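**Q** One structure, pasted below without further comment.
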Amino acid sequence: MSARRDVAVVGGATVKFGIRPATWPELAQEAGLALFRAVPALASADVDSLFVGAAEPERFAFQSHVAPLAAEQMGLTPHRILQRTELACASGQSAIRSAYAAIASGLSDVAVAVGVEKMNLPSMAEANTAMACVMDRPWDGVHGATAPPFFAMVAQRHMLEYGTTEDQLAAVSEKNHRFANANPTAQFHEKTFAREKLLSLPLVAPPLRLGDCSSMTDGAAAVVLTSGELARRYTDSPAWIRGSGQYSDFHNLANAGSLTDWVGLRRAGAEAFRSAGITPGDLDMAELHDCFTISEIVEYEALGLCPKGEGGRFVADGRSDLGGDLVVNPRGGLLGCGHPLGATGVAQAVEVFEQFAQKVDPRRQVPDPHWALVHNLSGSANVHSLMVYERGG
Amino acid sequence: MTEAAVELAKKKRPVEAAPSATGAASVPFLLDFYPLERDDQTRLARFYAALRDGRLTTTRCRRDGGLLWPPRTVCPRCHDDALDWVDLPMRGQIYAFSAVLAGAPLGMEGEVPFVVGLVDLDGAPLRLFGRIEGTPWTGVRIGQAVRVEAYTIPDGRVFYRFRMDGR
Ligand SMILES: [Zn+2]
């Protein structure tokens, strides 16, 4: 591994997330427009490789072979590596991981990672079918369950085993929606997202309420990554990829083991920190996969940000907020930004880049951040993908 | 056509329409959740045949003795295909549950609200996911006893679910 080259994210952009009057190809065009505007020094001809994070275009947009489609929409002619990456909710980070691997190995010098997902359909029942297929379809999805009831069971067990409360779940949602209010690309701009209001919203999958769940969202985001020697051509503040970790230990729910101790995340987290040469206490910020409020709480614990079982107290005490131990989900999270499956992981990397450049809204700017962690889970938390970024100066 | 091709064509019987569990709506094949279960479609046809006889079964590895779920054709630990079919307990206890109150897939909208949960089978190291029938979600508690039951969907295929014991 000693021949590995340094790799940095040197720019990126996110399009407006939401229920968008736009098709999958139109979202890809928007991502290209936003990227080239955000990185003025980038020319189409510079880009040798394209990685396209897209979870279910076959279902949501009735379209396969989306990598060349995205290339055409964005005005790119990749000549080293062109591929689509699919890892459900982590498809966007997968695109970045693949671009990282390509550049680190020397196969690519300048690569774009774009994530695109169109999820709002005229038939939302068909969209729900698509979501149920993320699970082991003929054994688990067949029972009609999508993500909410699975994460509801995680919440139920966490409440039983550790005394976590609905109020602590709501504290995650309140924090992330407050940050989303300061992010113009977020789906939700709720003026009053107080805990009392969150606790009065309807149940989706008990004990989870509407405010505990991320939503079905249309969106896209793109970043450009380069080798170390090319980074300064595009930016004065590269976000260096210093570590990574990934772990998958089951797929069928029968093989999940404990619902509240995400062993895969503990292992992936340990590898991410080891490879970056840091400890959890070094982090200034983290983009954690808050597909549901309970997810963020279990993630604090598995990553070692707080002791096992104390994740609810950690957020309720403000330790993952501005002024706390580190800032978790200053972008607004999946809860506040929405969760276009393929775009989320890329939008998180855009956030890290912009936070490092200290050019986000002051209401969510992390003071002088140096180390950032990005995490995505996918499916029923059966895969965990992590990347560690260091600010260049 | 060669004789082999003729034989193959005979075997390619059309897949029946795919109704939902309630038969309320039928959906196109690629939106149908239920597994294909005939012996010309899957190597797990014995699972469905046993279920039709009221038995929940799975495969056990002959080499390491481990129970595998879902049933498989190769043990992932030993990479050996010497597996035996074994009967599983027909009773268990609820480990965790929730309910789908909104957002059901196509063909299941009419079944909302419904309960799903993870069930620890009595006397077997397996925790299976499935529908739990027999009581509204507000009446379900962790630790309650359930039994496994087979049910038939309108095109004749069979699957399993749980029912509150005594309901
Ligand atoms: Zn074995």
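**Q** I'd like the projected area of the protein assembly as shown, averaged over all directions, using the convex hull of its alpha carbons. Report it in nm² with one decimal. Before the final figure, lay out each step's value.
**A** Numbers: hull surface 108.8 nm².
That works out to 27.2 nm², a quarter of the Cα hull's surface.
**Q** Okay, moving on. Along the stretch A:12-26, what does the Karplus equation 6.51 cos²θ - 1.76 cosθ + 1.60 (θ = phi - 60°) give for ³J(HN,Hα), rounded to whole Hz, x for Gly and Pro?
**A** Per-residue couplings from phi come out as x, 7, 10, 8, 4, 8, x, 8, 9, x, 8, 8, 4, x, 5 Hz.
**Q** Calculate the mean, over all residues of peptide B:106-117, of how many other protein chain Cβ atoms lie within 10 angstrom of the residue's Cβ. Don't jump to the answer; show the numbers that get you there.
**A** Working: counts 9, 4, 8, 4, 0, 1, 1, 3, 4, 3, 10, 5.
Mean shielding by partner chains, rounded to a whole number: 4.
**Q** Still on this structure: Rounded to the nearest angstrom and ordered from largest down, what semi-axes does the equivalent ellipsoid of the stretch A:239-312 get from its C-alpha gyration tensor (root of 5λ)? Mind showing how you got there, number by number?
**A** Numbers: eigenvalues 90, 48, 24 Å².
Equivalent ellipsoid semi-axes, largest first: 21, 15, 11 Å.
**Q** Given charges of +1 on the Cβ of Lys and Arg and -1 on the Cβ of Asp and Glu, with all other atoms neutral, how large is the dipole of the protein assembly as shown about its Cα centre, in debye to the nearest 20? If you can, show how the numbers build up before the last one.
**A** Details: 55 positive and 64 negative charges, 106 e Å.
Approximately 500 debye in magnitude.
**Q** Have a look at the DSSP beta bridges in chain A and tell me what percent are antiparallel, nearest 5. Could the numbers behind the result be given before it?
**A** Working: 38 of 53 bridges.
So the antiparallel bridges amount to about 70 percent of the total.
**Q** By the gyration tensor of its Cα atoms, with a ≥ b ≥ c the square roots of the eigenvalues, what is the shape of the stretch A:33-131: rounded for a/c under 1.5, prolate for a/b over b/c, or oblate?
**A** Working: a/c = 2.42, a/b = 1.80, b/c = 1.34.
Prolate shape, in that a/c is at least 1.5 and a/b is the bigger ratio.
**Q** Would you work out which of B:96, B:150, B:110 lies farthest towards the positive end of the dipole of the stretch B:91-164, given +1 charges on the beta-carbon of Lys and Arg and -1 on that of Asp and Glu, about the Cα centre?
**A** So the residue furthest toward the plus end is B:96.
**Q** Another one. Round to the nearest 10 and give me the degree value, 0 to 90, for the angle of helix A:341-356's Cα axis relative to the longest principal axis of chain A.
**A** Taking the Cα atoms of chain A, the angle to A:341-356 is about 70 degrees.
**Q** To continue, here is another question. What whole-number volume per residue, in cubic angstrom, does the convex hull of the C-alpha atoms of the stretch A:113-246 give? Write down the numbers at each step before the final one.
**A** Numbers: hull volume 25.2 nm³, N = 134.
Hull volume normalised by residue count: 188 Å³.
**Q** Under 30 Å between alpha carbons: how many lysine pairs meet that in the protein assembly as shown, if sequence neighbours fewer than 8 apart on the same chain are excluded?
**A** For the protein assembly as shown, qualifying lysine pairs total 15.
**Q** How many Cβ atoms of partner chains, on average, are near each residue of A:125-137 if near means within 10 Å of its Cβ?
**A** Details: counts 10, 6, 3, 8, 10, 3, 2, 6, 4, 0, 2, 2, 4.
Whole-number average of other-chain Cβ neighbours for A:125-137 is 5.
**Q** So, one more: Would you give the gap between the C-alpha center of the stretch A:113-182 and the C-alpha center of the stretch A:79-110, rounded to a whole Å?
**A** Going from one Cα centre to the other spans 26 Å.
**Q** Given Cα pairs under 8 Å that are at least 6 residues apart, what percent is the relative contact order of the stretch B:91-164? Before the final figure, lay out each step's value.
**A** Values: 146 pairs, mean separation 23.6, N = 74.
Averaging sequence separation for qualifying contacts and normalising by length gives 32 percent for the stretch B:91-164.
**Q** Debye sum, Cα scatterers, the stretch A:133-198, no solvent: what log₁₀ I/I(0) at q = 0.17, 0.22 1/Å?
**A** Per q value, in the given order, log10 I(q)/I(0) is -0.80, -0.91.
**Q** May I pose another question? Just how large is the dipole of the stretch B:24-77 about the Cα centre, in debye to the nearest 20, putting +1 at every Lys and Arg Cβ and -1 at every Asp and Glu Cβ?
**A** Working: 10 positive and 6 negative charges, 82 e Å.
In debye, rounded to 20, the stretch B:24-77 gives about 400.
**Q** Report, in debye and to the nearest 20, how large the dipole of the stretch A:1-130 comes out about its Cα centre when Lys and Arg carry +1 and Asp and Glu carry -1 on their Cβ.
**A** Working: 10 positive and 12 negative charges, 45 e Å.
With Lys and Arg at +1 and Asp and Glu at -1, about 220 debye.
**Q** Another one. Would you mind calculating the relative contact order of chain A from Cα pairs under 8 angstrom and at least 6 residues apart, reporting the percent as a whole number? Walk me through the numbers before you get to the answer.
**A** On the way: 951 pairs, mean separation 101.3, N = 393.
This gives 26 percent for chain A.
**Q** Take the Cα radius of gyration of the stretch A:192-276 and divide it by 2.2 N^0.38 Å, with N its residue count; two decimals is plenty. If you can, show how the numbers build up before the last one.
**A** Working: Rg = 19.9 Å, N = 85, 2.2 N^0.38 = 11.9 Å.
Dividing the Cα radius of gyration by 2.2 N^0.38 Å gives 1.67.
**Q** Compute the distance from the alpha-carbon center of the stretch A:345-364 to that of the stretch A:1-64, in whole Å.
**A** Using only Cα atoms, the two centres lie 16 Å from each other.
**Q** Taking the dipole about the Cα centre of the stretch A:42-196, with the C-beta of Lys and Arg at +1 and of Asp and Glu at -1, give me whichever of A:99, A:130, A:184 is farthest to the positive side.
**A** Result: A:184.
**Q** Taking Rh as the Kirkwood radius, which is the inverse of the mean 1/r over Cα pairs, what is the Rg/Rh value for the stretch B:18-87? Intermediate values should be presented prior to the final figure.
**A** Details: Rg = 14.7 Å, Rh = 13.6 Å.
Result: Rg/Rh = 1.08.
**Q** Based on alpha-carbon centroids, what's the gap between the stretch B:73-143 and the stretch A:218-293 in Å, whole number please?
**A** Taking the Cα centre of the stretch A:218-293 as reference, the centre of the stretch B:73-143 is 32 Å away.
**Q** Could you give me the percent of Cα pairs per 10 Å distance bin for the stretch B:73-167, shortest bin first, beginning at zero and ending with the bin that holds the maximum distance?
**A** Result returned by the calculation: 15, 39, 31, 14, 2.
Every number here is computed from the coordinates shown, using simple stated rules; none is lab data. As the structure is a computational prediction, the values presented were derived from the model and not from experiment. All Cβ positions, glycine included, derive from the backbone under ideal geometry; neighbour counts span all protein chains shown.
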